[in-house]
Amino acid sequence: MSEAAPIDVCVVGGGTAGWMAASMMAKFWADQPVRLSVVESPDIGIVGVGEGSTPSLKGFFDYLDIDEAEWMPACQATYKLGIRFVGWSRRPGFGSYFHPFPSDLDDRSAPAFYYHAFARRNGVDLPAHPDRFFLNTLLADQRRGPHADHNFPFRLAYGYHFDAQLIGRFLRGWATRRGVEHIEATVAEVERGEDGDIQALRCSDGRRIEADFFVDSTGFRSLLLQRALGVRFLSFADNLFNDRAVVAQTPLDDPTAPPCETRATALSAGWCWRIPLTARSGNGYVYSSRFIEPEAAEREFRDHLGLDADAGVRHLEMKVGRVESAWSNNCLAVGLSQGFVEPLEATALHVVQETVQRFLEAFEEGGRTARLRERFNHQINRRVEGIRDYIVCHYRASQRDDSEYWRACAGIEALSPSLRELLGVWFAGGDLAEEIKRQQIGAYYAPLSWHCLLGGYGVYPDPARLRSPEARMQRFDLARIDDFLARCALNFRAHAEQLAHG
Ligand SMILES: Cc1cc2nc3c(=O)[nH]c(=O)nc-3n(C[C@H](O)[C@H](O)[C@H](O)COP(=O)(O)OP(=O)(O)OC[C@H]3O[C@@H](n4cnc5c(N)ncnc54)[C@H](O)[C@@H]3O)c2cc1C
């Protein structure tokens, strides 16, 4: 940052995104003359449903030097080793699969999976379901936590499940103890200067809040970036159909052995998540209102969960897409105000974290120059589209035709050139990892993820057309891989035990 600071930075919105942004900024500018404030409306609630993360959230808490033993119990958090997709494919043997976060040991077993998937795509009958090949998958099956005993020197990536209300409250406490001012007020009007920059906010109680820089974390409203600055929203509705959710909380199935996975179960016009916390489960049916009415979705959701008629549910609308540029003038949009790629891979907070981190790096490098702003917006847009392509692939590659919704998903035509080429390589029996490298998209989703998705849904030739493998093709001994992973798993204690002992 330039010597000319001090500056005032005002974050508008006290949802998870607003408090994550304020916390990261408080840490990053701890020794700088930056005054940070968070304006939060006492009358407008938070969306309150983002309860699953990718492994990047561990990086977030590590960056803030907050120990798991401190934040996890406060947020009823559990560990997450990956996501289990259930019922997305009707192909025999592919009724579910697990998308694992990576581990240090994947290089011992992933090559066998990639080879088998390659051979099967090329007409050879080798087993190529992903679940047999990854340590995280086995640990999730056995409900073991992600921390290995000290004598086992390999690590694995993991994420978390947490209560969306509690995590915001926790971060608010952390940030305000570090000097972030918390202002309870509802912004009614945004004042702009002649240069187009935001000058001040007018609140409904008459207060006027000036700042040099603003962060818009007002959720789907996007009060500053979209409404006041008029930045365009680009909808993803042509290839991501889901635009609503109905959500409910339920007791844990077995409180003595909480799962360490999110479950994403396909229903008739979307899918339902099940997220286990320490004290309850969170559930939500994400669906497309083009294919099912909210009342029918609620009925299906209740049946799926076995909910009593008097159990409360909440209906939500979702705006799926992204803004043209998350950083415009003196305003950065973070969270739902910058866009949302539906929750299937629980990536929203990951994007929040990356947006703030890249913004801080750009700001530090040269303040508010147009060149840095453009580079930043390009990077974030690519990131969001990388996530979108992977999620679109879930729907496009799903193997169901039992409802109008699933038939429409399988027929999605609006594919990005990148996804089209990737699928082309898969169907042509080519080298998928090489294609991911060529396109430089491995940082968004690695070959492991793409292989698991396409292999997990059984996107292979018809089994009747497969030929038996020749001896030279059986180069991997799967029994040895089973044994190797089973013995590795013995070094990880039960998830419940790891939660209890911190
Ligand atoms: C169905 C669904 C499922 C999801 N699942 C996941 C998931 O598993 N993982 C994940 O990472 N993400 C998930 N998300 C996304 C996640 O919920 C959000 O990214 C996250 O909660 C951050 O939201 P936010 O802070 O941007 O907005 P919000 O939570 O909506 O917060 C908005 C804030 O702005 C304030 N505000 C609004 N207007 C004004 C005003 N005029 N004046 C002052 N303050 C104002 C409000 O008071 C509130 O504090 C999901 C989202 C949906 C819809």
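Considering all projection directions equally, how large on average is the shadow of the alpha-carbon convex hull of the stretch 139-252, in square nanometres?
Numbers: hull surface 55.4 nm².
Approximately 13.9 nm², given one-decimal rounding.
How far, in nm, would the chain grow between Ala279 and His378 when pulled straight, counting 0.36 nm per residue and subtracting the alpha carbon separation?
On the way: separation 99, 0.36 × 99 = 35.64 nm, distance 4.08 nm.
That pair, Ala279 and His378, stretches by 31.6 nm at full extension.
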Inset, instruction - Give a quick list of trypsin sites (Lys or Arg not before Pro) in the stretch 400-502 that DSSP marks as loop, anything other than H, G, I, E or B, with at most 13 other Cβ atoms within 10 Å. - result: Arg475
Inset, instruction - Over the stretch 1-94, consider all pairs of different Cα atoms and compute the Kirkwood hydrodynamic radius from their mean reciprocal separation; express it in Å, one decimal. - result: 16.6
Legend entry - Table column - 3J(HN,Hα) (Hz), the stretch 354-367, Karplus curve with 6.51, -1.76, 1.60, x for Gly and Pro: 5, 4, 5, 4, 5, 4, 4, 5, 5, 4, 5, 5, x, x
Legend entry - Spin-label pair Arg467/Lys437, simplified geometry with 7 Å Cα→Cβ offset, distance in nm: 2.8
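Based on a Kirkwood Rh over C-alpha pairs, give the Stokes-Einstein translational diffusion coefficient of the chain at 20 °C and viscosity 1.002 mPa s in µm²/s. The partial results should precede the final answer.
Numbers: Rh = 24.0 Å.
For these conditions, the coefficient is 89 µm²/s.
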Legend entry - Vicinal HN-Hα couplings computed from phi for the stretch 267-282 (Karplus, 6.51 cos²θ - 1.76 cosθ + 1.60; Hz; Gly/Pro x): 10, 6, 9, x, 8, 10, 8, 9, 10, x, 9, 6, 10, 6, 10, x
Legend entry - FRET efficiency estimate (nearest 0.05) - Cβ-Cβ, Asp149 to Glu317, R0 41 angstrom: 0.35
Legend entry - Estimated FRET transfer efficiency when R0 is 41 angstrom, pair Asp483-Arg91 (beta carbons, to 0.05): 0.90
Inset, instruction - Calculate how steeply helix 370-397 sits against the longest principal axis of the alpha-carbon atoms of the chain, using the helix alpha-carbon long axis, and give the answer as 0 to 90 degrees to the nearest 10. - result: 40
Inset, instruction - Tell me which residues come under 5 Å, amide H to amide H, from Ser222 once H is placed; ignore anything under 5 positions away on its chain. - result: none
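Can you give the local net charge around Gln226? Use residues other than it whose beta-carbon is closer than 12 angstrom to its beta-carbon, Lys and Arg +1, Asp and Glu -1.
On the way: positive: Arg221, Arg227, Arg232, Lys319, Arg322; negative: Asp216, Glu324.
It works out to a net charge of +3.
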Inset, instruction - Scan around Leu267 for amide H atoms under 5 Å from its own, H built in the peptide plane at 1.01 Å from N, and keep only partners 5 or more places away or cross-chain. - result: Cys272
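Kindly give the semi-axes, whole Å and largest first, of the ellipsoid equivalent to the stretch 320-362, taking each as the square root of 5 times a Cα gyration tensor eigenvalue. Working shown, then result.
Values: eigenvalues 69, 32, 7 Å².
Over the Cα atoms of the stretch 320-362, the ellipsoid semi-axes are 19, 13, 6 Å.
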Legend entry - Nitroxide proxy distance, nm - points 7 Å out along Cα→Cβ at Ala257 and Thr369: 5.9
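Using the per-residue mean of other Cβ atoms lying within 10 Å as a proxy for protection, in what order, highest first, do the peptides 384-390, 181-187 fall?
Working: 384-390: 22.4, 181-187: 16.7.
Top to bottom by mean Cβ count within 10 Å: 384-390, 181-187.
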Legend entry - Set of lysines with alpha-carbon distance to Lys437 below 30 Å, sequence-local pairs under 8 removed: Lys58, Lys80
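Kindly work out what percent of the DSSP beta bridges joining two residues of the chain are antiparallel, to the nearest 5. Don't jump to the answer; show the numbers that get you there.
Details: 50 of 73 bridges.
Antiparallel bridges: around 70 percent, rounded to the nearest 5.
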Legend entry - Karplus-derived 3J(HN,Hα), 6.51/-1.76/1.60, for each residue of the stretch 227-244, Hz, glycine and proline x: 6, 7, 8, x, 5, 6, 9, 9, 6, 9, 4, 6, 10, 10, 7, 6, 9, 8
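What ratio of Cα Rg to 2.2 N^0.38 Å holds for the stretch 247-403? Before the final figure, lay out each step's value.
Working: Rg = 19.0 Å, N = 157, 2.2 N^0.38 = 15.0 Å.
Dividing the Cα radius of gyration by 2.2 N^0.38 Å gives 1.26.
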Legend entry - Nearest 10 degrees, 0 to 90: helix 294-305 Cα axis against the chain principal axis: 60
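What do you get when you divide the Cα radius of gyration of the stretch 244-317 by 2.2 N^0.38 Å, with N the number of residues? Please list the in-between numbers first.
On the way: Rg = 12.2 Å, N = 74, 2.2 N^0.38 = 11.3 Å.
Taking N as the residue count of the stretch 244-317, the ratio is 1.08.
FYI, it's all coordinate maths here, none of it is from the lab. Nothing here was measured: the structure is a model prediction, and the numbers come from that model. Positions of Cβ are generated from backbone atoms using ideal geometry, with glycine treated the same way; all protein chains shown enter the neighbour counts.
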